């Protein structure tokens with residue numbers, strides 16, 4: 001995907017600033033013969049002959065998937081890009097950009113680092129990715145702000161289940177498109193193991209022949225809230241995305257319900273999260289209410305929650 005005319009125009013107007021960004025980092029760190037990155041602490045150290053040259057915060061901006069040449073912004077990487085620029089520039093308004101080169105990914109990261117008032121950008125090969133990190137001095141308030149909790153609100157009434165603090169928002173989006181064969185499938189959660197329940201939720205007669213659609217928003221929101229709360233407990237440092245898979249299987253009068261929650265941590269690595277207490281009861285209530293609403297009998301539901309600068313965005317896909 002070539003860079004959009006809007007971004008090209010933006011690049012032309014900020015070339016001097018981007019060159020200053022690159023030259024400033026070079027003046028602080030060259031020559032160096034080693035770069036140590038502590039992912040857990042988010043600290044980078046440039047060294048030369050065993051001597052520390054420069055240290056600072058390293059904040060993951062995005063990753064280029066080498067196999068698919070797709071680039072994905074991480075969590076709230078573009079939060080400090082002006083709102084009007086984000087809205088008008090496709091490269092900043094979409095979380096994932098298909099078919100993009102390493103050079104384009106680098107210049108996009110440099111632009112975001114400029115708006116974040118960073119000291120530079122670190123590019124690292126990490127397995128199947130090339131990762132881009134914004135570098136900030138330890139006394140930089142921009143880096144501290146990146147780690148602070150976002151002050152946002154739910155836009156829906158809190159559910160009956162124990163809910164998240166009221167500074168979160170979940171907004172439904174279009175259905176998630178199924179991954180194609182060339183995409184990195186590590187963003188997909190592993191298949192869960194079915195758990196049979198002897199007292200299945202009652203489904204109205206004829207549901208098997210009905211058209212399948214997404215369950216209503218008010219049914220899915222409590223599920224997303226509970227999953228996000230479990231992830232918040234497991235990853236106190238923040239997350240980029242939550243993936244939850246729900247499988248429902250009818251067999252000889254018994255319904256098998258299986259759930260799996262996976263989230264990406266601040267490094268972008270996938271972490272399996274234990275199902276929180278009350279999740280099976282909540283899913284049983286969802287199935288019962290969904291059937292009574294007239295929906296058909298779907299067999300699999302994939303729920304994705306992405307962390308955006310001021311909200312959590314929910315996407316849903318159902319399969320037969």
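Rule-based calculations on the coordinates, nothing more; no lab input. Just so we're clear, the structure is a prediction, and the values are computed from it rather than from any experiment. No Cβ is skipped: glycine too gets one built from the backbone with ideal geometry, and neighbour counts run over all protein chains shown.
Taking each pair of distinct Cα atoms in segment 34-74 once, what is the resulting Kirkwood hydrodynamic radius in Å?
Across segment 34-74, the inverse of the average 1/r is 11.8 Å.
Can you put 65, 125 in order of Cβ neighbours within 10 angstrom, beginning with the fewest?
By the 10 Å Cβ count, ascending: 125, 65.
Defining a contact as two alpha carbons under 8 Å apart and six or more residues distant in sequence, what relative contact order in percent does segment 5-147 show?
In percent, rounded to a whole number, it is 25.
Based on other C-beta atoms within 10 Å, arrange 63, 266, 288 from fewest to most.
288, 266, 63
For residue 20, project a label point 7 Å along Cα to C-beta. Then give me every residue of segment 61-82 with its amide nitrogen under 20 Å of that point.
Inside the label zone: 80-82.
Between residue 37 and residue 51, how many nm apart are label points set 7 Å from Cα along the C-beta direction?
The modelled label-to-label distance comes out at 2.6 nm.
Using the Kirkwood radius over C-alpha pairs as Rh, can you work out the diffusion coefficient of segment 74-129 via Stokes-Einstein at 4 °C, viscosity 1.567 mPa s, in µm² per second?
The estimated diffusion coefficient comes to 106 µm²/s.
Let me check I have the definition right: for segment 5-147, take the eigenvalues of the Cα gyration tensor, multiply each by 5, take square roots. What are those semi-axes in whole Å, largest first?
Computed over segment 5-147, the values are 24, 17, 15 Å.
So how far, in whole Å, is the C-alpha centre of segment 54-94 from the one of segment 227-279?
Rounded to whole Å, the Cα centres lie 25 Å apart.
With r defined as the distance between the Cβ atoms of residue 67 and residue 288 and R0 fixed at 41 Å, what FRET efficiency is calculated, to the nearest 0.05?
Computed FRET efficiency for residue 67 and residue 288: 0.45.
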